[in-house]
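J.: To start, I am sharing the structure in question, which I have written as structure tokens.
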Amino acid sequence: MRRAGAFILGTGRALPSRVLTNQDLERMVETSDEWITQRTGIKERRVVAEGESNSGLATAAARKALSKAGVSPEELDLIIVATLTPDYLMPSVAILVQEALGARRAGAFDLSATCSGFLYGLSVADKFVREDPSRKILVIGSEVLSNKTNWEDRTTCVLFGDGAGAAVVTGSPDGRRGVLSAHLRADGSLWHLLTLKGCGSLYPPGDPRLPREDYFIRMQGREVFKQAVRAMESVAFEALEANGLSPSDLTLLIPHQANIRIIEFLRERLELPAEKVFVNIHKYGNTSAASIPIALDEALEEGRLKEGDLVLMVSFGGGFTWAAVLLRW
Ligand code: ACO
């Protein structure tokens, strides 16, 4: 068994108060609760209201995680925020969180790896605490996708939601509990299947070369689906095999919440019973980098993990990026 690295001291989540149901969407585009439920498993999602922001959600999730961890902001060495929807291009969300928390000793940066961002961030934190186990690092996944959603495009607008999840990590207390291994993967050859083009330096706002639709998330859903199921299955087995484990050793699988059919496919391939797979997609939709830390926080709150349990987190997102982190709780 590998020596464990990053140990999670506490988690937290923050969701916007505004709920957008499938019935609300029926009034906005040509869709139905039945279609959305059958094809995705989503019943409702949260969207920011006036005054709510990515950094605000990230800070609220962070405060809860710090409180549960019993760690003060001044003790933090590093803040990593995984996001594809920052408040600004400069400064980063991580800087805004650092300022809001008063985490004066902490370095801070954003990490861009779409829906895999939290697991990429946890993997970076894992490396830092393996070097010095006394370090305390805040890893956050936070998104406001509703502002990057084309509310006239029924093929995407039913899928996404806003939210944030956070974890405070430090070095393993005993080399046994914590992150056993992290597996990061990417394939840029298919980047064009899932894009948000009109926000970077290539196309300034209002650039006539870019169609209006490209200022929002665009996705070829069926193709993304095919890639997602293949990639998530392969990286899940990679993580288990690297640790000499099999799916039956798992207590809980926490997959990225993009589509219930993708989650079901993964569950079947790993031959896991339904109670070993965490699902909350019906409440929040796809919150990209926030999906796994929100799910982890809810799983803990529901008492789904106890000391020594094995949990596998698996993600897939635009890029494509995908990842798995195996952790002994
Ligand atoms: N309501 C009603 N009908 C719809 C809707 C809707 N909201 N959206 C699409 N349809 C129609 C289509 O127009 C199509 O009609 P047609 O047959 O007349 O052309 C039909 O439904 C089927 O469309 P498909 O796109 O083939 O539907 P599919 O079963 O593939 O489901 C979905 C679409 C839900 C998007 C699915 O492909 C999916 O989940 N893909 C993966 C998404 C994902 O994993 N993303 C992860 C990364 S996200 C990130 O990184 C930010």
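J.: Taking the options Val47, Val71, name whichever one is within 16 Å of the ligand (Cβ to nearest atom), under 26 Å from Asp110 (Cβ atoms) and of a type in the set (Val, Ile, Thr). It would help to see each step written out before you state the result.
T.: Numbers: Val71 fails: within 16 Å of the ligand (Cβ to nearest atom).
One residue alone meets the criteria, Val47.
J.: Specify which of the listed residues (Val224, Val179, Val235, Val229) is among the β-branched types (Val, Ile, Thr) and in contact with a His (Cβ under 9 Å, 6 or more places away or on another chain).
T.: Being among the β-branched types (Val, Ile, Thr) and in contact with a His (Cβ under 9 Å, 6 or more places away or on another chain) holds for just one of Val224, Val179, Val235, Val229, which is Val235.
J.: Looking at segment 211-227, is at least one residue more than 25 Å from Gly285 (Cα to Cα), surrounded by 15 or more Cβ atoms within 10 Å (Cβ to Cβ) and not assigned by TED's automatic domain parsing to the domain that holds Val144?
T.: Of segment 211-227, the ones more than 25 Å from Gly285 (Cα to Cα) are 211.
If we keep only those that are surrounded by 15 or more Cβ atoms within 10 Å (Cβ to Cβ) too, we end up with none.
Looking for residues that are more than 25 Å from Gly285 (Cα to Cα), surrounded by 15 or more Cβ atoms within 10 Å (Cβ to Cβ) and not assigned by TED's automatic domain parsing to the domain that holds Val144, one finds none in segment 211-227, hence no.
J.: Considering segment 221-236 alone, what residues qualify as being hydrophobic (A, V, I, L, M, F, W, C) and within 8 Å of the ligand (Cβ to nearest atom)? Lay out the reasoning, then the answer.
T.: Initial filter on segment 221-236 (hydrophobic (A, V, I, L, M, F, W, C)): 224-225, 228-229, 231-232, 235-236.
Passing the criteria: Val224, Phe225, Ala228.
J.: Does Leu101 satisfy the condition of being crowded, with 16+ Cβ neighbours inside 10 Å, over 30 Å from Ile217 (Cα atoms) and touching a helix residue (DSSP H, G or I) at 6+ places or on another chain (Cβ under 7 Å)?
T.: It is true that Leu101 is crowded, with 16+ Cβ neighbours inside 10 Å, over 30 Å from Ile217 (Cα atoms) and touching a helix residue (DSSP H, G or I) at 6+ places or on another chain (Cβ under 7 Å).
The values are calculated or read from the model by the stated rules, or taken from the named source; none is laboratory data. None of the values given here were measured: they were computed from a predicted structure. Cβ: placed from backbone, ideal geometry, glycine included. Neighbour counts: every protein chain shown.
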